[in-house]
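Below: the structure, in structure tokens.
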Amino acid sequence: MLRETADVVLRGGTTVHVRPVESGDVDAIVAFLEGLSPESRYLRFFGGGVDVRRAARNVTEPREGMFALAAFRGPAQQVVGLAELARIDDTSAEVAFAIADSLHGQGLGTVLLAHLAQHARDIGIERLVAHVMRGNVRMANVFRDSGFAFAVRSDEDGLRFEAPATLTPDGLARFEERQRAATAASVGRVLRPTSVAVIGTGERADRVRASLRDGGYMRRILDTLDEDPVDLVVVTVPAAEVLDVAEQAAERGCGAMLVLSGGFAEVGPDGAARQRRLLDICRDAGMRLVGPNCLGVANTDPEVRLNATEGIPMPPRGNVALLTQSGALGIALLERAEFLGLGLSSFVSVGNKADLSGNDLLQFWELDACTEVVLLYLESFGNPRNFARIARRIGQVKPIVAVKSGRTRAGARATASHTGSLLASSDVSVDALFRQAGVVRASTLSEFLDVGALLSRQPLPAGPRVAIVTDAGGPGVLAADACEAMGLEVPEPPDELVDELRTILPPEASLANPVDVLATAAPHDFQRVVAAIERSGFADAVIAIAVHAPAAEALGSAGALPLLVVQMAGERRPRDGGPPVYRFPEDAARALARAVEYGRWRARPRGEVPELADVRRDQAATLLAGAAASGPRWLDPTETAELLACWGLPLVPGHRVAGVDGVAEAAEAIAGPVAVKAVVPGLVDKAEAGGVVLDVSGGREAAAAAREIAARLDVEGFLVQPMITGGVEMLVGVTHDRLFGPVVACGPGGERAELERDVAVRLTPLTSIEAAEMVRSLRTFPILEGWKGAPRLDVPALEDLVVRLALLADTHPEVHELDLDPVKVLPRGAAILDARVRVAAPEPEPLWPAIGASPPRASTLGGSQERWPSG
């Protein structure tokens, strides 16, 4: 059900509210219907004689089988769109729309249809029906282009459109494309404004005006909001006065606000309340908000030349976009970037990030021809799943480099499962997100800029092979050590290259790799050696280290090869168009290693989230909904077995019995060694509590084991399972992160799980290729491959288990923690020896398409099982 307002960006960049209509909306809906052109009203109501007040009352009065949504815009919250749904029978419903004439072609009808479809599915409606008058081309096109598989036929009333209430995959892609274009248009009001008004007095406002003038802003600069609406309002007044300015800008129809003023969420509860009110004003008016408490924005495009900052010089022009959440760090980053010769396409300080976020800006930079590399300094995520989707798409063509502060948590989240404890003590979720999305994660700000300089000035390395050229032996050795420590290769040069180098360098020069050209080398010697290395084809990149000669002055690009210069003495500024220059060999090696990792990610196949035909999703959903309804709890063994069976997860079958006599009978029935386990509500780690006895034979030994357990624990019953011998124990689990969603972990199982802490982590949705990479990235993976003559185990069976668990968690948000531990990987197949599942009611997801919301999850597309995020 639609329970909250959704703030939706339309194609032109404006924002509207979408929410269910209420009884108090009658007058607003009457005004909307009366404001429609006669043609629009005629086409909507199949005639011109409609009683608009009666129609408004019909929409707002609660009636069984009826539901209506309205879109609102502006400070007065005028209705600009209306969508209605009326149930026809148990499985179908009719939909109808009216859109303000001024918003035709902005995508609002499609958005309203998407939200109606969400509501329809929530109440069990499977098909949508719409009747359109012949000649109503606009509405017919809305249905045809909506992303829903509408079929059309003629009837006595005109055209009848009918479709399943689910998006097609192609429709989802089109929705995403619309959302991307709309978001970019809204950000354009900030970074490509046609006019700027600076509101404030005193030195601070004067510095902003001076920055705009000195930067060469190409369009209108205003001091008041008394003239025509402006694209961007820059606010420097004290916090207590900002809301008044925002209301005035809203009344004037301004496009965006940039609030430099502090005194909002960063100062405590009162400031947070003020910030919420500021956001409400902006959202109600359709204005995008940058900040508050930010440093400003800049765009070096010659057609714009915007420097809306407080006294910061215009950054040098280049191809790098830079975002920072910290104003102080923003100043330092801008100064250091200029020193490194790192030119910027645009700069944005988002401050408290009340509205405009990294996700919005990424979509602008994706379409910005001036931007080729994106640098992000992040302190928090708004919607990590949406970030991952956007970054994965952009990373295919434009590298994204990020520093995420807060790598450790002040306190580990209280968890009971092995999976939870493995993931609670660090930001492994952020690592997993960046790894899967292809984001280059830098550990320090220095590395952040070093990597950005390399990616912005040099081609992407084709592989990990590095040639090192130096005029001093020690730095060359350090460079070789650093390269190999970071996973790069320092190969021996081929004989043909050695022979050519002999003709260039003096006899005492070292012609191995590193190539030592000696302290007496001239700059042109570096040039000739680097050119010879490029011609030889034995390296994918070159690191040139100059201690004595000013090599940076002589070395240009190595052509097709990335070239990194280490200038350890003298001036280190790179020259225009030249390669990046580093202070120490380790800096260059680290930057190159990050670029190689990114190149590998970009070159590898993405894979697909598999479709599993043997899964019983409906049965699992019913089980979990019932279990979660009673509050957070751990499933009992019977429920756990049923859930895993629905998803084809191979849990070793067991006998659930009430008492000792039942244990004996179950053990005799199995006719082989068994494991006896306690059933104790709320007890998760049975082995640690003494609730497990393994490898007992026969009814008498099993009964004795049960009595031994019962003496230690207050048992509700027992589970008796056959022993599974051989193989290797692994752990596969999932925990639900409040921000990141389901986080999947795989590593050694049993007693080794937390001791070795060899864990691979990924976020859902998980492709089959990512599952395979996850397993193979473990340090202990060689054990599964038959280490030192041991049997080779069924790795594909483990990968299939990981995929199924990831899909289960992605499909069922009620699952908050799930441990399969241990999982025995056998020469043939895999077997789950124990499983624990904690469930809780899922948190509502935001509506999509809406600001900050993610699209429907990939694993829910297709067939009757598709689920639209509720919100």
**Study point:** Only Lys, Arg (+1) and Asp, Glu (-1) charged, at Cβ; segment 104-220 dipole about Cα centre in debye
**Key:** 720
Point to revise | Fully extended contour minus Cα-Cα distance, from E39 to S443, at 0.36 nm per residue | key: 139.4 nm
Practice item. Among A83, A809, L362, flag the residue with its Cα farthest along the positive direction of the charge dipole of the chain, charges on Cβ as +1 for Lys/Arg and -1 for Asp/Glu. Key: A83
Practice item. For a quick protection proxy, order the peptides 603-611, 689-697, 66-74 by their average other-Cβ count within 10 Å, most packed first. Key: 66-74, 689-697, 603-611
Exercise for review: Would you mind telling me the share, in percent, of accessible area of segment 195-280 contributed by carbon and sulfur at probe 1.4 angstrom?
Suggested key: 45
Review point. How much accessible area does L826 have with a 1.4 Å probe, in Å² rounded to the nearest 10?
Key: 30
Exercise for review: Please count, across the chain, the pairs of lysine residues with Cα atoms under 19 Å apart that sit 8 or more places apart or on different chains.
Suggested key: 4
**Study point:** Segment R738-R138, extension gain: residue separation times 0.36 nm, minus the distance between their alpha carbons
**Key:** 211.9 nm
Review point. Within the accessible area of segment 301-370, what % is carbon and sulfur when the probe is 1.4 Å and the other protein chains stay in place?
Key: 52
Check your understanding: With labels modelled as points extended 7 Å from the Cα through the Cβ direction, what inter-label distance (nm, one decimal) is found for A332 paired with E177?
Key -> 4.4
Review point. Counting only heavy atoms of protein chains, what accessible area per residue, in Å², does segment 589-692 have with a probe of 1.4 Å?
Key: 47
Review point. At what distance in nm do the modelled label points of D695 and A645 sit from each other, each positioned 7 Å from its Cα along Cα→Cβ?
Key: 3.0
Exercise for review: Pull out a ≥ b ≥ c, the square roots of the eigenvalues of the alpha-carbon gyration tensor of segment 204-264, then state rounded if a/c is under 1.5, prolate if not and a/b is larger than b/c, and oblate in the remaining case.
Suggested key: oblate
Point to revise | Surface per residue (accessible, 1.4 Å probe) for segment 258-360, Å² | key: 30
Review point. If you place +1 on the Cβ of every Lys and Arg and -1 on the Cβ of every Asp and Glu, how big does the dipole about the Cα centre of the chain come out, in debye to the nearest 20?
Key: 920
Revision key, fill the gap. From most to least accessible, 1.4 Å probe, no ligand or DNA/RNA atoms counted, W647, W787 line up as W787, W647
Check your understanding: Rounded to the nearest 0.05, what FRET efficiency is calculated for D122 and R220 with R0 set to 30 Å and r the Cβ-Cβ distance?
Key -> 0.05
Exercise for review: Normalising by the residue count of segment 638-766, find the relative contact order in percent from Cα pairs under 8 Å and 6+ residues apart.
Suggested key: 23
Revision key, fill the gap. Judged on accessible area alone, 1.4 Å probe, highest first, R277, R178 line up as R277, R178
Review point. If you stretched the chain out fully between T622 and R63, how much longer would it get, using 0.36 nm times the residue separation minus the C-alpha to C-alpha distance?
Key: 198.4 nm
Exercise for review: Just the number, please: carbon plus sulfur as a percent of the accessible area of segment 5-141, 1.4 Å probe, no ligands or DNA/RNA counted.
Suggested key: 46
Point to revise | Unit charges at the beta carbon, dipole of the chain: most positive-side option, A772, N141, F347 | key: N141
Revision key, fill the gap. Computed over segment 14-155, protein heavy atoms only, probe 1.4 angstrom, the accessible area per residue in square angstrom equals 43
Practice item. Mind putting a number on the dipole of segment 277-316 about its Cα centre? Charges go on the C-beta only, +1 for Lys and Arg and -1 for Asp and Glu, and I need it in Debye to the nearest 20. Key: 100
Revision key, fill the gap. Expressed in angstrom, Rg and Dmax over the Cα atoms of segment 589-700 are 22.0, 67
Check your understanding: Where does each of 513-523, 210-220, 812-822 land if you order them by average Cβ count within 10 Å, highest first?
Key -> 812-822, 513-523, 210-220
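The values are calculated or read from the model by the stated rules, or taken from the named source; none is laboratory data. Treat the numbers as computed from the prediction; the structure is a model and nothing was measured. Every residue, glycine as well, gets a Cβ built from its backbone with ideal geometry; the counts of neighbours run over all protein chains shown. These area figures cover heavy atoms from the full protein model, side chains too; ligands, DNA and RNA do not enter into them. Shrake-Rupley method; radii C 1.70, N 1.55, O 1.52, S 1.80 Å.
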